[in-house]
Amino acid sequence: MIKIELYRDVVPEPLAQQIIRMAVLYTTELGTDACPPDHPLYVISQIYLGFEFHAYLSAIGHPGGGNGELLVAFDDEHPDTAIGFLLYMPITDSVDSCGVNYGAVREASRGRGIFTALMREMLSRYPLASLSCFVESVPLYERLGFRVEVARSTQVQMTTDPNPGDQTMTVIDLSRLQGHPVVIQAHEDALAKHGHAAIAKANNEASERVDSLFRKAETFVKDRLLNSPTA
């Protein structure tokens, strides 16, 4: 049996570490650039994502932390092991709106409706929700009541709000991490292992991949809105 717990005060450190490890494991799925594991700088994408999650989870329950909330799914067979999570932020000056940051389910536990259960629990608390996802995930969220709104970088922005307007939620600024010693060391290690030429080639391929995802999202949204019954 699946049990869902809400954390809106302090996230216990052992649980926070589980969530961070799960997020880092699925960097390709969660990162907006969909960086593949075979990319020479994949580890740096993992570092950035890990830092971001640590910042969000550490801020929960603290003044100025954005009032973020974390839903975690557990299985009765392994009650101390998180098998899925959903991280989201309430919208400023709203009691029924939120924006989804991230969500994932362990691969071994997928296909059991866990992510759907997490989303429904969130929507019971905040019925007006917004999120961004890759084109492939749009049908999942449409089944949960979300509708396509606009293309947002490499992803599709969706919402359950019939009258979405300007909304503000806390977002972590990762730009300062570029000079972090861990990131600098990871860059140096990648250069030593792969060489400048391989890194440059991989970065060009990454730029092409992001551009392709950008066009894919824009084309999808344009077609979807054009063919929408309400268009």
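No value in this document is a laboratory result; all are computed from the given coordinates. Worth saying up front: this structure is predicted, and the values here are computed from it rather than measured. Positions of Cβ are generated from backbone atoms using ideal geometry, with glycine treated the same way; all protein chains shown enter the neighbour counts.
Summary of values
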quantity: Selection count where residues are assigned to a strand (DSSP E or B) and closer than 21 Å to G111 by Cβ, scope segment 132-148; calculated: 1
quantity: Residue within segment 9-27 that is surrounded by 20 or more Cβ atoms within 10 Å (Cβ to Cβ), under 29 Å from A192 (Cβ atoms) and in contact with a Pro (Cβ under 9 Å, 6 or more places away or on another chain) present; calculated: yes
quantity: Flag if A73 is of a type outside the set (D, E, K, R) and either without any contact (Cβ under 8 Å) to a residue 12 or more places away in the chain or in contact with a helix residue (DSSP H, G or I) (Cβ under 9 Å, 6 or more places away or on another chain) (or both); calculated: yes
quantity: Answer residue from segment 65-118, given it is acidic (D, E) and not in a loop (DSSP other than H, G, I, E, B) and is surrounded by the most Cβ atoms within 10 Å (Cβ to Cβ) among those; calculated: E69
quantity: Members of segment 15-41 that are without any contact (Cβ under 8 Å) to a residue 40 or more places away in the chain, assigned to a helix (DSSP H, G or I) and more than 21 Å from Q155 (Cβ to Cβ); calculated: Q17, I20, R21
quantity: Candidate set: segment 185-204, residues that are out of contact with any helix residue (DSSP H, G or I) (no Cβ under 7 Å at 6 or more places or on another chain) and either acidic (D, E) or within 23 Å of Y56 (Cβ to Cβ) (or both); chosen: the one surrounded by the fewest Cβ atoms within 10 Å (Cβ to Cβ); calculated: E188
